[in-house]
Amino acid sequence: MSLIFNVLLLVLSVSLVTFILQLSQQINGQLEKNIAPVDMVIGAKGSPLQLVLSSVLHIDSPTGNIPLGEVQKIQKHPFIKSAIPLCYGDNHQGYRIVGSKASFIAAYQGELESGKIFQKSFEVVAGSNVAQKLNLQMGSTFYSSHGLIASADVHKEHQFRVVGILKPTATVLDKLLITPMESVWETHHHTEAEPDNTASHPSHHNSHSNEEHPDHHQDESHEEDAHEHETEDHPDSEESEMDLEITALLVKFKNPVGLVQLPRFINEKTNMQAALPRLEIQRLEGFLGVGVKTVNSIALAVLLVSGLSILLSLARAIRERRQELALLRTYGLSTQKLLYMILLEGLFLAVLGYVLGWIIGRAAIGIASSQLESTFGYGLKVTGPEIIDFKLLGATLLIALIATMLASTSIFKLNISKILSDD
Amino acid sequence: MIKTEDLKFKYPSGESFDFKNIDLKKKEHLLVLGPSGVGKTTLLHLLSGILPASRGKITIDQTDITSLDRRSLDRFRGQNIGLIFQQYHYVRSLTVEENLKVRQQYPKKLKDQERRHALCERLGLTPLMDKFVFNLSQGQKQRLAIALGLIHQPKVVLADEPTSNLDDINCSKVIALLQEEARLCGSNLVIITHDQRIKEHFNSHLLL
């Protein structure tokens, strides 16, 4: 009975450790993959973390919008290798519609499963996840809803049409609907006057009349900053471009010096902000890392406790079976053989506990995956055993080995004569 | 075949036993008689090597077992000595047949199924083969104990009070079985008892 309890304890600790390891590893891996194509992101002033979350990971609300003219000046900087504009505004059943260029898809190594890349306004390329969840086919059409969360506020003027569906990339592409920027601009050109109640969306509004904010919403303060300086910041932009806005610009540098120089320049000399995804994510991981470390140490402590309790219960089992062990000695088995048998038993329990724990850990990843997917649009993969799992198995076996060794010291001093003549 | 010289055992408590010399020829049987507390079981354990003698020499089949190291002694005992204990000892989690197999497994890897079945047939254990030992009656357990002591065809069979729990009829039966099986194996049989009933079955007696 106590042995079963011990194995359960081991199962619990192993499932905890493997679960946490997988979770942090996969989240890190996904973050890594998603921020890899972006060295710097430029957006409206506000929290740099929010800017990274919204424009690189596509999970938070944008900080606001920035004038396209302004952005185009920066884009010409010699350190910049590529720059991808992003334009937010609408969603389709909760999935974000991003206005961008084909280069956005290319940056994440997106490949077409079917169809083609958009060429005209209101053509849409759907990420694999969205296409699957919303059952979008080639030629499917839909109207967008305003804002970034599903709502009844549907723009009926323009119909989007799916012209391409992407293969799974395990990046943010999977959960996005990508369309030319013009689609977003055109949609909001007509609806600009409507009162907004959702996150910012780019709009074709008059930047000079900044006393009156059509985009009045939760990111108010950042927007105000952004709008207040618009007039003096781009007096010489082309008229048509001056009126257009984008939400963010994803920048890849040619030269790493750009990482040092450009963010400071943008943050100090313009009314926009530049954020470095890697830095922000590191900061975020710093906050979360404490939690991960805590849970990991708890799990390791449980592992040690289960090792200790296996030791105690094995020691008791050996004491209870000392008559049988003594009997086996009279059958000719040496002490070493008995030790070997007990070790085998201990290791068997350890392997059993580990395998069960590992399976439960992976099952938990599966459950967490569906939770995460409905919240963030990111799923986790239930993977086979990895190197770290084997290392952990090694550690578990080592603990079991030490516990069994300690527990079996008594068989060296087995007094066969006495044990076999006692009742 | 079995020879003891000047054998003495001293318990840590101070109690000590001196034993008369034993000298048995091949296949000879011996009954060691004596009341409780004269060191009968001690002598048996000394002969089987599970208790080290404080002084003296025990030679079994030309091997001085007092000079063997622990491991060799374990091996020697497993091969050459069959022990029948006063208390029934067996592996609880195994059936009758599995217990016999375990006894046959070591150390020679002698897995003679024919031997096992023939012996069980003679001892009336055949219908009990798949039962767990704790489900057996006293008499059945005693017969299993004999089987466990003899299955590996040892040179020496040492039995400790094999008849103390049995009635007169069963007592005679068990002694007859023991003598018969020992004779079939060509083993020496040493029985240690306080049971006067079996005196008449043996020619050579040793009084402690």
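The numbers here are math on the coordinates, done by the rules we state, and not lab data. This one's a predicted model, so the numbers in the text were calculated from it and none came from an experiment. Positions of Cβ are backbone-derived with ideal geometry, glycine not excepted, and every protein chain shown enters the neighbour counts.
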If the elastic network links every pair of Cα atoms under 10 Å, which of B:GLU15, B:GLU180, B:GLU161 fluctuates the most in the Gaussian network model of chain B? B:GLU15
Sort B:VAL102, B:VAL32 by Cβ crowding within 10 Å, fewest neighbours at the top. B:VAL102, B:VAL32
Roughly how crowded by other chains is peptide B:7-20, in terms of the mean Cβ count from those chains within 10 Å of each of its Cβ atoms? 0
Can you sort B:HIS29, A:HIS188 so the residue with the fewest Cβ neighbours within 10 Å comes first? B:HIS29, A:HIS188
Descending packing, highest mean Cβ count within 10 Å first, for A:97-103, B:124-130, A:174-180 is A:174-180, A:97-103, B:124-130
So how strong a dipole does the protein assembly as shown carry about its Cα centre when Lys and Arg Cβ are +1 and Asp and Glu Cβ are -1, to the nearest 20 debye? 6580
Spelling out what I want: for every residue of segment B:18-35, take phi, set θ = phi - 60°, compute 6.51 cos²θ - 1.76 cosθ + 1.60 (Karplus), and round to whole Hz; glycine and proline get x. 10, 10, 5, 5, 10, 9, 10, 7, 4, 6, 6, 10, 9, 10, 9, 10, x, x
List the relative contact order of segment B:76-185 as a percent without decimals, with contacts defined as Cα pairs under 8 Å and 6+ residues apart. 41
Using the Kirkwood formula on the Cα atoms of segment A:332-423, what hydrodynamic radius do you get, in angstrom to one decimal? 16.4
Using only the alpha-carbon atoms, what does segment B:2-207 span along each of its principal axes? Please give whole angstrom values in decreasing order. 46, 38, 34
Determine the percent antiparallel among the DSSP beta bridges restricted to the protein assembly as shown, to the nearest 5. 65
Across 10 Å bins from the origin, how do the percents of Cα pairs in segment A:18-106 run, short distances first? 14, 42, 32, 10, 2
Could you state the angle between the C-alpha long axis of helix B:113-123 and the longest principal axis of the C-alpha atoms of chain B, as a value from 0 to 90 degrees rounded to the nearest 10? 90
What are the ³J(HN,Hα) values, in whole Hz, obtained from phi via the Karplus relation 6.51 cos²θ - 1.76 cosθ + 1.60 with θ = phi - 60°, for each residue of segment B:45-62 in sequence order, with x given for Gly and Pro? 5, 5, 4, 8, x, 8, 10, x, 5, 7, 7, x, 9, 10, 10, 10, 6, 6
Could you run the Karplus curve 6.51 cos²θ - 1.76 cosθ + 1.60 with θ = phi - 60° over segment A:299-313 and give me ³J(HN,Hα) per residue in whole Hz, x for Gly and Pro? 4, 5, 4, 4, 4, 5, 4, 5, x, 4, 6, 5, 4, 5, 6
Give me the inter-chain shielding for B:89-102: mean count of other chain Cβ atoms within 10 Å, whole number please. 2
Footprinting proxy, B:ARG103, B:ARG197, B:ARG122, B:ARG116: sorted fewest to most Cβ within 10 Å, the residues are B:ARG197, B:ARG122, B:ARG116, B:ARG103
Residues with amide H under 5 Å of B:ILE22's amide H, sequence separation 5 or more or different chain, H placed in the peptide plane at 1.01 Å from N; which? B:THR4
From the Cα centre of segment B:42-100 to that of segment B:14-39, the distance in Å is 16
Quick one: of A:LYS101/A:LYS133; B:LYS8/B:LYS57; A:LYS33/A:LYS120; A:LYS120/A:LYS175; A:LYS45/A:LYS269; B:LYS101/B:LYS131, which pairs are farther than 19 Å apart, Cα to Cα? A:LYS101/A:LYS133; A:LYS33/A:LYS120; A:LYS120/A:LYS175
Ranked packing of A:321-331, B:3-13, A:137-147, A:36-46, most packed first, by mean Cβ within 10 Å: A:36-46, A:321-331, A:137-147, B:3-13
Viscosity 0.890 mPa s, temperature 25 °C: give me the Stokes-Einstein translational D for the protein assembly as shown in µm²/s, with Rh taken as the Kirkwood radius over C-alpha pairs. 78
